[in-house]
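The values are calculated or read from the model by the stated rules, or taken from the named source; none is laboratory data. These figures come from a predicted structure and were not determined experimentally. As a convention, Cβ positions derive from the backbone with ideal geometry for all residues, glycine included, and neighbour counts pool all protein chains shown. For accessibility, only protein heavy atoms count, side chains too; no ligands or nucleic acids. Shrake-Rupley method; radii C 1.70, N 1.55, O 1.52, S 1.80 Å.
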Amino acid sequence: MKPLQASSGDLNADRHADFAEMLLASGEPAQAAELLLGALELAPRWAAGWFRLGEMQEAAGLPDQAAQAWAMALKLEPADRLGAALKLQLIGKAAAAAAPPSAFVETLFDHYANSFEESLVGKLGYGLPDFLGRAIGKARPGRFGLALDLGCGTGLMGERLRPFVDRLEGYDISAGMLRKARAKGIYDRLAKADLQHFSHTGDRADLVVAADVFIYVGALDRIVGAVANMLADGGIFAFSLETLVGGGDFALLPSRRYAHSEAYARHVLCANGLSVLSLESMVIRHDRRDPVEGLAIVAGFPATATEAGNPATA
């Protein structure tokens, strides 16, 4: 509730909501939900309040009531900046979707832009940029002419890429993240873009990177096809995934991130004419002190795989 419409616009409703938060924090979700429902009688069009009610009802073990609350939040705010549709999917009250709402991803990262690096690097042990940078160097040593950093965020991956690329472009859905990246002065170009609909019309890229990005994309068929079309001959594509445990291609997790299987990644790459140059398992970050297992993958066109001396991985 805090990132968006933290206030209902009604002082009495806000007071009820504050007390509800106190009850939830003290371990009484059912009572908290009841109190927040009272607040919503005073402010019935408060989408964020309905979303928060759903979370409290879910915590209280009331999934049917939670579904009704999230459906109301979605009705009041169809762009779904809060991600109510994802919550409905996770409890089996909506069909699985191939991608998250773009407005949810944009809102999430706009909200966390100021604290993003401190949380990710300082608290969650995030080391993916260094790991992926080393994998790129092993797959193709030397410099790159044009590199595209997809989902560049605040520029953590860009800082790692800058020393060995001549031109570095960054694209992200979040204006807040782009402001942080721009302040670092490491990109030759930064632009706002939704990767679910991304295309690049400039020169073909020698390197395309998507570090910790596809967890907010879902189905990879379209974006990998777009990357294949924007890669120059001999270019490489480096990206990471959270590892899907069990069967299937990809799945939405309770964290509202997507995990993907290795088999699915290989299939999508192959379907777009790309071969795996390297694939390594790693811990991407920690979440509530638990390690988040992932894959760091570097791919290229078959000629690149042969030159790298690793055709068997294709």
TODO: Select from Leu274, Leu24, Leu156 the residue whose mean-square fluctuation is largest in a Gaussian network model of the chain (Cα-Cα springs shorter than 10 Å).
DONE: Leu24
Open item on the list: If I take every Cα pair under 8 Å that is 6 or more residues apart in the stretch 106-219, average their sequence separation and divide by the length, what percent do I get for the relative contact order?
Closed with: 30
TODO: Measure nothing but the geometry: give the 0 to 90° angle between the long axis through the Cα atoms of 262-271 and the longest principal axis through the Cα atoms of the chain, rounded to 10°.
DONE: 60
Open item on the list: As I understand it, the value is the acute angle between the Cα axis of helix 175-184 and the longest principal axis of the Cα atoms of the chain; what does it come to in degrees, rounded to 10?
Closed with: 50
Task: Förster-model FRET efficiency, 35 Å R0, Ser255 and Asp130, C-beta, rounded to 0.05 - done: 0.90
Open item on the list: Output wanted: per-residue J couplings in Hz (rounded whole) for the stretch 52-58, from phi through Karplus 6.51 cos²θ - 1.76 cosθ + 1.60, θ = phi - 60°, x for Gly and Pro.
Closed with: 5, 4, x, 5, 5, 5, 4
TODO: List, in order, the whole-Hz ³J(HN,Hα) value for each residue of the stretch 101-107 obtained from phi through the Karplus relation with A = 6.51, B = -1.76, C = 1.60 and θ = phi - 60°; use x for Gly and Pro.
DONE: x, 4, 5, 5, 4, 4, 5
Task: Count of Lys pairs (Cα-Cα under 27 Å; at least 8 positions apart or interchain) in the chain - done: 15
Task: Cα centroid of the stretch 97-139 to Cα centroid of the stretch 191-267, whole Å - done: 13
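How big is the antiparallel share of DSSP beta bridges in the stretch 163-238, given as a percent to the nearest 5?
On the way: 0 of 8 bridges.
If I count the DSSP bridges inside the stretch 163-238, around 0 percent turn out antiparallel.
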Task: Helix 63-76 axis, angle to the chain major axis (alpha carbon atoms, nearest 10°) - done: 80
TODO: Mind listing the long-range amide H neighbours of Arg285? Cut-off is under 5 Å, sequence gap 5 or more, other chains count too, H placed in the peptide plane at 1.01 Å from N.
DONE: Val292
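Return the Rg/Rh ratio of the stretch 151-276 with Cα-based radii and a Kirkwood Rh. Walk me through the intermediate numbers first.
Numbers: Rg = 14.7 Å, Rh = 15.2 Å.
Taking Rg over the Kirkwood Rh, I get 0.96.
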Task: Most mobile of Ala66, Ala219, Ala191 in a GNM of the chain (Cα contacts under 10 Å) - done: Ala191
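Just to confirm, what accessible area per residue do you get for the chain at 1.4 Å probe, in whole Å²?
Working: 14120 Å² over 314 residues.
Per-residue value: 45 Å².
Quick one: dipole size for the chain, taken about the Cα centre, charges +1 on Lys/Arg Cβ and -1 on Asp/Glu Cβ, in debye to the nearest 20. Walk me through the intermediate numbers first.
On the way: 30 positive and 37 negative charges, 121 e Å.
Charge dipole of the chain: 580 debye, to the nearest 20.
Can you give the calculated 222 nm mean residue ellipticity of the chain, where each DSSP H run of n ≥ 4 adds -39,500 (n - 2.57) and the sum is split over every residue, rounded to the nearest 500 deg cm²/dmol? Please report the intermediate quantities before stating the final value.
On the way: 12 runs with 128 residues, N = 314.
Using -39500 (n - 2.57) per qualifying helix, the result is -12000 deg cm²/dmol.
Rounded to the nearest 0.05, what FRET efficiency do Arg204 and Lys138 give with R0 = 25 Å and r taken as the Cβ-Cβ distance? Could you check?
Working: r = 23 Å, r/R0 = 0.90.
Taking R0 as 25 Å, the efficiency between Arg204 and Lys138 is 0.65.
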TODO: With all protein chains present, calculate the accessible area of Ser281 using a 1.4 Å probe and round the result to the nearest 10 Å².
DONE: 90
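Output the peptides 29-40, 85-96 sorted from most to least packed, where packing is the average of other Cβ atoms within 10 Å over each peptide's residues.
29-40, 85-96
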- [ ] Amide H neighbours of Leu277 under 5 Å, at least 5 residues apart or on other chains, H built in the peptide plane: list them.
- [x] Val298, Ala299, Gly300
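So how much slack lies between Val245 and Lys93, counting 0.36 nm per residue of separation and subtracting their Cα-Cα distance, in nm?
On the way: separation 152, 0.36 × 152 = 54.72 nm, distance 2.24 nm.
Gain in length upon complete extension: 52.5 nm.
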Open item on the list: Which order do the peptides 45-53, 76-84, 131-139 come out in when sorted by mean C-beta neighbours inside 10 angstrom, highest first?
Closed with: 45-53, 76-84, 131-139
- [ ] Enumerate the amide H contacts of Val217 below 5 Å, restricted to partners 5 or more residues apart or on another chain; note that Pro and chain-start residues carry no placed amide H.
- [x] Tyr258
Open item on the list: Can you tell me what percent of all Cα-Cα pairs in the stretch 171-210 are more than 16 Å apart?
Closed with: 40
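If you wrap a convex hull around the Cα atoms of the stretch 1-93, how much volume per residue is inside, in Å³?
On the way: hull volume 7.3 nm³, N = 93.
Hull volume normalised by residue count: 79 Å³.
For Ala183 and Asn229, calculate 0.36 nm times their separation in residues minus their Cα-Cα distance, and state this gained length in nm to one decimal. Write down the numbers at each step before the final one.
Numbers: separation 46, 0.36 × 46 = 16.56 nm, distance 3.03 nm.
Taking Ala183 through Asn229 to full extension adds about 13.5 nm, to one decimal.
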Open item on the list: At 1.4 Å probe size, what's the solvent-accessible area of Tyr126? Round to the nearest 10 Å².
Closed with: 30
- [ ] For the chain, take the alpha-carbon Rg, divide it by the Kirkwood Rh, and send me Rg/Rh.
- [x] 1.02
Task: In order through the stretch 154-169: 3J(HN,Hα) via Karplus (6.51 cos²θ - 1.76 cosθ + 1.60), integer Hz, x for Gly, Pro - done: 7, x, 4, 6, x, 4, 6, 7, 3, x, 10, 10, 7, 10, 10, 10
Open item on the list: Per residue, how big is the convex hull of the stretch 136-203 when only Cα atoms are used? Give it in Å³.
Closed with: 87
TODO: Take every Cα pair under 8 Å in the stretch 173-314 that's 6+ residues apart, average their separations, divide by the length, and report that relative contact order as a whole percent.
DONE: 20
TODO: Averaging sequence separations of C-alpha pairs under 8 Å and six or more residues apart, then dividing by the length of the stretch 62-163, give the relative contact order as a whole percent.
DONE: 19
